[in-house]
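Student: Handing you this structure, nothing more for now.
The values are calculated or read from the model by the stated rules, or taken from the named source; none is laboratory data. Just so it is clear, the structure is predicted and the values come from calculations on it, not from any experiment. Backbone-built Cβ (ideal geometry, glycine too); neighbour counts: all protein chains shown.
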Amino acid sequence: MTTATATAKPVIVWFRRDLRLADNPALSHAAATGAPIVPLYVLDEGSRVRPMGAASLWWLDKSLRALDAALRERGSRLILRRGDAEAELRRLIEETGADRVHMNRLWEPDAAARDADLAHALQADGVEVKGWNGTYLATPGAVRSGAGGPYKVFTPFSKALLSQAAPPEHTLGPHRIDTPRATPSERLDDWRLHPTRPDWSTGFDWTPGEAGAVAALGRFVRHALADYADGRDRPGDALTSRLSPHLHFGEISPWRAVVAAEKAGPPGQAAKFVTELVWRDFSAHLLHAFPQITDHAFRPEYDRMPWRADATGLRAWKRGLTGYPLVDAGMRELWRTGYMHNRVRMIVASFLIKHLLIDWREGETWFWDCLVDADLASNVQNWQWVAGSGADASPYFRIFNPVAQGRKFDADGRYVRRWIPEIAGLPDRWLHAPWEAPAEVLREARVRLGSTYPRPIVEHEAARKRALDALKSVDRHRDERED
């Protein structure tokens, strides 16, 4: 890095979901100017951007602390501001005399619109604003079909992205960052992002921050990657990467994960992992091209779905009291850890949408509040995929049987027994369908259906028939809309 001169005007590096120093384009370009750097994070409370959920705020608290510690090791510190993003930026520009703002871009519709308005306003006042892609493998909107439009099917999108994009050079970030000492900052403790009264996060077993992300990637490639393709579907095994919250908050570059996986191999397992990272890009690509999907079905006919108003069913689903052990285990894992295994996410989403006929937006909202990896593009895309209303979505007639899914992917019951101890004494044969167990088996396992554990709130075959009837009523134009 070029030594900063006493007369150089500072550059503000506006951190958002890029809470890392390595492989950070905005920080690297700012450092290359040789000017002093003002690292900034704004808890934006004045714009139309969707506020973070409670679990994400828990993560943000720890990630900002880790980023501040890393900056202090390099002679800098993180400047914290809370309020309207443009107002806080303007205030900081006035306080420091900065004439440039560098940031890694956000791509969600409201955030992108806010940033564009802000950039135009600042540039009109003589402040240069520059943005980069520090979040995805490819810039959303850059991967286009042969006809020049956005892809709507994943496989050709994946092939095109992997053929066009390449990992950027790995950078460690500047060794020293000169920051004006007098710049005022708010105190993170005053933001009270960590829950109290009660502290519902006591089961959150995570290490947010860049160092935690690097450690998680290292554990994954050493201990889980070799069995990833099949093991990722078994919720009782620790064979997923658990990188999703680190990626969402930008504590590690997705390209760094790709390179590490491909270097470690085996090739087939690494390719499957890379495909999951490309799916993350596909979600961002779709939201960028079709911003209406946050509130409306990608396939408009699905907005005619005859959803049921079922407050009792929704409450049972949220609390993990549906009477279907795999569904309930997933919902309890979500509440206690801020996370849910990827296979189980599909099953619990399918149960809400198709067994209960409750609007997918109810589930998306609950996930948004409870997940530490809550990401607008991924959340919306995956819920619509399960609902059958999204691009390249799961067929409407695919209705997961939670009993069959449990017996296939949690055959030894380790996952269910961990999260539903009240039925842990049941033999494997009956664990995923306690209501089928003989009375003597239930007595021996100390399970009293309807008391210690609920009976199913809906019968599978009846719910399946009801869902198919409802879905058929809105899906008759599906084939006509396919490209």
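Student: Take the conditions in a helix (DSSP H, G or I), outside the structural domain of residue 158 (by TED's automatic domain parsing), of a type in the set (D, E, K, R) and under 17 Å from residue 248 (Cβ atoms) and apply them to residue 369. Does it pass? Break it down stepwise before answering.
Tutor: On the way: in a helix (DSSP H, G or I): yes; outside the structural domain of residue 158 (by TED's automatic domain parsing): yes; of a type in the set (D, E, K, R): yes; under 17 Å from residue 248 (Cβ atoms): yes.
The answer is yes for residue 369.
Student: Just to be sure before I move on: is residue 220 under 30 Å from residue 79 (Cα atoms) and hydrophobic (A, V, I, L, M, F, W, C) in the structure I sent?
Tutor: Working: under 30 Å from residue 79 (Cα atoms): no; hydrophobic (A, V, I, L, M, F, W, C): yes.
Here the answer is no, as residue 220 does not meet what is asked.
Student: Before we move on, is residue 231 in the same structural domain as residue 162 (by TED's automatic domain parsing), touching a Leu at 6+ places or on another chain (Cβ under 7 Å) and without any contact (Cβ under 8 Å) to a residue 40 or more places away in the chain?
Tutor: On the way: in the same structural domain as residue 162 (by TED's automatic domain parsing): yes; touching a Leu at 6+ places or on another chain (Cβ under 7 Å): yes; without any contact (Cβ under 8 Å) to a residue 40 or more places away in the chain: yes.
Criteria met by residue 231.
Student: Quick one: residue 265 ticks every box in (1) in the same structural domain as residue 396 (by TED's automatic domain parsing); (2) at positive phi bar one, so which box is it?
Tutor: (1)
Student: Another question, then. With respect to residue 336, determine if the residue is closer than 25 Å to residue 195 by Cβ, among the basic types (Lys, Arg) and assigned to a helix (DSSP H, G or I). So that I can check it myself, show each step before the final result.
Tutor: Details: closer than 25 Å to residue 195 by Cβ: yes; among the basic types (Lys, Arg): yes; assigned to a helix (DSSP H, G or I): yes.
Here the answer is yes, as residue 336 does meet what is asked.
Each row is one residue, and each column tells you yes or no for (1) surrounded by fewer than 20 Cβ atoms within 10 Å (Cβ to Cβ); (2) more than 26 Å from residue 20 (Cα to Cα); (3) modelled with pLDDT of 95 or more.
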site	(1), (2), (3)
261	no, no, yes
283	no, no, yes
296	yes, yes, yes
331	no, yes, yes
